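To keep things clear, I will list the structure first and then write my remarks on it.
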Amino acid sequence: MQQTKCSICKQLYPSEELTKFDGSLLCPSCLAAETVICADCGKRIRNRDNCGTISYPLCSECREREYDFCKNCGTLMHRDRAQFIDGEPYCSDCYDSHYHAVIHEYDYKPEPIFYGSGPRYFGIELEIDDAGESGEYAEQILSVANLPSERIYCKHDGSLDDGFEIVSHPMSPEYHLHSMCWEKVLAKADELGYSSHDAKTCGLHIHVSRAAFGESREEQEEAVGRAVYFVEQHWDKLLKFSRRTQHQLERWASRYGCKPHPKEMLAHVKNGHWSRYTCVNLDNRDTIEFRIFRGTLKFNTFIATLQLVNRICDVAFSLSDEELCALSWEDFVRQITESELLAYLQERGLLPESEVRKDV
């Protein structure tokens, strides 16, 4: 019986027991130790050329044609089962984990990043619905606004059917109006199929820093009382402005009930047992929250709402109690110069006849 040396271990074996591989003859032991069979095409390759895993070896051709490794955990997967983020492949578990982290839990509160000049800062909460609580979609919305730094984030909201909440870091009104790309954010949400006004589940909430109402706590309390008084005093006008139904307000932004003087109004609020679902929520330590507005993806409506809240803050901060009591809606509106707010007031029939503009 003819015997031949194994090319690696140099031992003699019957010739029929050796396997020819890549110009060499290998005994069964060396063949098993040095080579492996591609699990897809059956081609024998050297171990060092294995482009798959130990349990699922692949030649380079099959790997390039059919398979990817998860960018995060390194799991080998068929390309048909891979999911992609920014062109990089992820397994389903890592993909889900990545996007779950994009939409935070409802109680998530990051360290605030302040934009613009204070002390008046607005924090926006805009609810969007009807296109999915999708981390992938949320990331697309975030990518519009968060370069070079984080300016908005997303949170779960149990009051929504199939969406989430977009939340801004504190920004001055000027920053919101002139530096923050809200028009692009709203357009992206609309492009992805979300609704806000039409969803009937969504609100637009505006947090205002308490520091904007005065230097001392006493000054702040008095001005906050005037802000609540203004909202209650002009409830019918603001209801029309808000685009909410009376039922929606009763559920999510109920009235305190108007009192004849701002100090009485503040005492009424402070001495009552109210939930946070009030027209002006005072439960937060550092902000007050205007909750009366319906959500919107219309840029002009969004901007007009911020401008209105800014104007309410102006009169609450600058007027005395007596001056505020004497301030009619018509007098308040006549002081407004912002074009977006004027256009929206006219659209809602909230301008005095003498102030209606034909060019709006």
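The values are calculated or read from the model by the stated rules, or taken from the named source; none is laboratory data. All values derive from a computational prediction rather than experimental measurement. With ideal geometry, Cβ positions are generated from the backbone for all residues, glycine too; neighbour counts draw on all protein chains shown. We work out accessible area using only protein heavy atoms, side chains counted, and drop any ligands, DNA or RNA first. Shrake-Rupley method; radii C 1.70, N 1.55, O 1.52, S 1.80 Å.
None of 302, 290, 332, 317 is at pLDDT 95 or above and open to solvent by 40 Å² or more (accessible area, probe 1.4 Å) except 317.
The residues listed here are 161, 130; of these, the one that is modelled with pLDDT under 95, farther than 27 Å from residue 209 by Cα and acidic (Asp, Glu) is 161. Close contacts from region 29-45, counting a first residue that is of a type in the set (Gly, Ala, Ser) and a second that is surrounded by 15 or more Cβ atoms within 10 Å (Cβ to Cβ) and not in a helix (DSSP H, G or I), with Cβ to Cβ under 8 Å and a gap of 6+ residues or different chains, come to 39/52; 39/57; 39/58. Within region 166-217, if we keep just the residues that are within 19 Å of residue 140 (Cβ to Cβ) and charged (D, E, K, R), the residue that is least open to solvent (accessible area, probe 1.4 Å) turns out to be 188.
Among the residues of region 278-312, those that are among the polar types (S, T, N, Q) and assigned to a strand (DSSP E or B) comprise 278, 281, 287. Scanning region 1-28 for residues that are open to solvent by 50 Å² or more (accessible area, probe 1.4 Å) and within 59 Å of the chain's Cα centre (by Cα) turns up just one, 22. Total residues in region 222-238 satisfying the condition of being open to solvent by 40 Å² or more (accessible area, probe 1.4 Å) and touching a residue at least 12 places away in the same chain (Cβ under 8 Å): the figure is 3. Among residues of region 168-196 that are basic (Lys, Arg), those with a beta-carbon under 8 Å from a residue that is open to solvent by 10 Å² or more (accessible area, probe 1.4 Å) and in a helix (DSSP H, G or I) at least six positions away or on a different chain give the pairs 184/144; 188/140; 188/144. Cβ-Cβ contacts under 9 Å between residues 6 or more apart (or on different chains), taken from a first residue in region 129-140 that is surrounded by fewer than 17 Cβ atoms within 10 Å (Cβ to Cβ) to a second residue that is among the aromatic types (Phe, Trp, Tyr), are listed as 132/164; 132/194; 136/95; 136/99.
Take the conditions among the charged types (D, E, K, R), free of Cβ contacts under 8 Å to residues at least 24 places away in the same chain and assigned to a helix (DSSP H, G or I) and apply them to residue 340. Does it pass? Answer is no for this residue.
Candidates are the residues of region 147-158 that are open to solvent by 30 Å² or more (accessible area, probe 1.4 Å) and of a type outside the set (Ser, Thr, Tyr); the one that is modelled with the highest pLDDT is 150.
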